[in-house]
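The structure under discussion appears below in the form of structure tokens.
The values are calculated or read from the model by the stated rules, or taken from the named source; none is laboratory data. These numbers come from a predicted model, not from an experiment. Cβ: placed from backbone, ideal geometry, glycine included. Neighbour counts: every protein chain shown.
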Amino acid sequence: MNEILVTGGAGFIGSYLSEKLLEDQNNRLVIIDDLSTGDKSKLPKKHNDRYRFIKVDVNNYKDISEIFRSFHFDYVFHYAALVGVKRTQDNPVKVLEDIHGIEYLLNLSKNGGVKRVFFSSSSEVYGEPVVFPQNEDTTPLNSKVPYAIVKNVGEAFFKSFKKEYGLDYTIFRFFNTYGPKQSKDFVMSRFINMALKNEDITIYGDGNQARTFCFVNDNIDATCEIFRQAMINPKMENDIINIGTDFEIKIIDLAKKIIKLTDSKSKIVFLPALEEGDMKRRLPDVSKMKKYLNREMKSIEDGIKEVLKDTSYIL
């Protein structure tokens, strides 16, 4: 039996990850979350006998050390973090606390016999990129806002723990991911929520910011295949992998597409640009990810239609 810890498991991506891991009867999970942005309603509805949820703040050493004393883990997925552009900008000091959680988790993992730790980093580490597409190995990192700096520092911690203690890692740099269980704090779900209510869709700046959007199942299927291969091959490379799509769209065009697909009466309203954190363009090189996914990714239009089948989390 594989004993797995998932931090941030009541969050959007963490909950989908937990569901997918539980599909394998050889996996048993401990899911932890402080519920500051996560929600128990997102926890897996199936396989209750093979997972346990515990409310824990990973940034509190006493809390997280008790978890490691009570359970033995073969693998750890560290997905807990303060997320959301506005939330992280409004709470810059609280964002920095996530550095403590990363350090605590790595120390406990290397002392507890964990075989590999998987870390959810972010496209934000690239800052305002000058190279397109953003490649994991060659694009310079230009982190500026606190959230991006924390992720960059986190990546440095993982590399250092491998060099010093031999603790294996895989780093996922997540680009925009969306899906049915996403809260309405993020651009895709926020736009859909506004369109369904026929409210004005508000855009920061001129709407010409370009982004890519990855449907959550593509994210999860790729990361879980990477996990599966790491189990088969313990000497698998310690690597950094962009997780996203190369389907690029301007924010204003995304708003128009959502209005059309929802048959909404919403109008587009422009707000002053954010002072920081709203980069002009994001476009990942996802060639590594595609090798693991080994299938076509869901288009933005098909993904939006999938979200519209279940809007309970954003309405």
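Out of region 297-311, which residues are in contact with a helix residue (DSSP H, G or I) (Cβ under 9 Å, 6 or more places away or on another chain) and free of Cβ contacts under 8 Å to residues at least 60 places away in the same chain?
301, 305
Given the criteria at pLDDT 95 or above and within 22 Å of residue 82 (Cβ to Cβ), does residue 116 qualify?
no
Got at least one residue in region 162-172 being closer than 27 Å to residue 248 by Cα, touching a helix residue (DSSP H, G or I) at 6+ places or on another chain (Cβ under 8 Å), hydrophobic (A, V, I, L, M, F, W, C) and buried (at least 16 other Cβ atoms within 10 Å of the Cβ)?
yes
So that you can scan it fast, the table gives a plain yes or no per residue for (1) touching a strand residue (DSSP E or B) at 6+ places or on another chain (Cβ under 9 Å); (2) among the charged types (D, E, K, R); (3) crowded, with 21+ Cβ neighbours inside 10 Å; (4) on the phi > 0 side of the Ramachandran plot:
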residue: 51; (1), (2), (3), (4): yes, no, yes, no
residue: 101; (1), (2), (3), (4): yes, no, yes, no
residue: 104; (1), (2), (3), (4): no, no, no, no
residue: 113; (1), (2), (3), (4): no, no, no, yes
